[in-house]
1. Where in the chain are the DSSP H helices whose C-alpha atoms run 30 Å or more along the long axis and whose mean Kyte hydropathy is at least -1.0?
2. Evaluate the charge dipole of the stretch 16-58 about its Cα centre and quote only its size in Debye, nearest 20, assuming +1 on the Cβ of each Lys and Arg and -1 on the Cβ of each Asp and Glu.
3. Under the 0.36 nm per residue contour assumption, what length would be gained going from the current alpha-carbon distance of Lys33 and Cys80 to full extension?
4. Ala17 to Leu69: FRET efficiency via 1/(1 + (r/R0)^6), r the Cβ-Cβ distance, R0 30 Å, to the nearest 0.05?
5. Out of these labelled values of log10 I(q)/I(0) by the Debye sum over Cα atoms at q = 0.15 Å⁻¹, [x] -0.65; [y] -0.73; [z] -0.52, which was calculated from the coordinates shown here?
6. Could you please put Tyr21, Tyr78, Tyr65 in sequence from largest to smallest accessible area, using a 1.4 Å probe?
7. How far is the Cα center of the stretch 52-79 from the Cα center of the stretch 1-25, in Å?
8. Given a 1.4 angstrom probe, I'd like the percentage of the accessible area of the chain that is carbon and sulfur, rounded to a whole number.
Amino acid sequence: MVQYSLVMNIIGLFIMAIDKYKAKRHQWRIAEKTIWLVSFIGGAAGTAAGMYLFHHKTRHRAFRYGLPLLAVMEIVAYVCFLTLCRG
C-alpha cells in the first residue's frame with residue numbers, strides 16, 4: 001500500500017512537470033483526463049504538489065480546488081486505512 005501510494009504520487013508529480021514542459025514548448029500535451037485519472041487512482045497529492053511547484057493548471061478552477069481537495073481526501077483515507085489495519 002505504501003509503495004503504491006508513493007509510486008502514484010511520484011507519477012502525478014512527473015506528469016505535471018512533463019505537461020508544463022510541453023506547454024512551454026507548444027508541443028502535444030498530456031490530456032486532462034489522464035491527469036485526473038492518475039489523481040483519482042492514488043496520485044492526487046503528487047499531482048497537486050506538481051501543480052503548485054511548477055505553477056501549472058493553477059488558473060483552472062477544477063484543478064485549483066479539485067486537486068487539493070482530492071489530495072486531502074486521499075491522505076485522510078490513507079491514514080484511516082493505516083489506523084484500522086494496525087488494530
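The values are calculated or read from the model by the stated rules, or taken from the named source; none is laboratory data. What you see is a predicted model; the values in this text were computed from it and never measured. Neighbour counts run over all protein chains shown; Cβ positions are idealised from the backbone, glycine included. SASA here: full protein model, heavy atoms, side chains in, ligands and nucleic acids out. Shrake-Rupley method; radii C 1.70, N 1.55, O 1.52, S 1.80 Å.
1. 2-24, 61-86
2. Details: 7 positive and 2 negative charges, 44 e Å.
Dipole about the Cα centre, nearest 20: 220 debye.
3. Numbers: separation 47, 0.36 × 47 = 16.92 nm, distance 2.77 nm.
The Lys33-Cys80 span can extend by a further 14.2 nm.
4. Numbers: r = 22 Å, r/R0 = 0.72.
Efficiency, rounded to the nearest 0.05: 0.85.
5. Among [x] -0.65; [y] -0.73; [z] -0.52, the one derived from this structure is [z].
6. Tyr65, Tyr21, Tyr78
7. With the stretch 52-79 and the stretch 1-25 each reduced to a Cα centre, they are spaced 13 Å.
8. Reported share for carbon and sulfur atoms: 70 percent.
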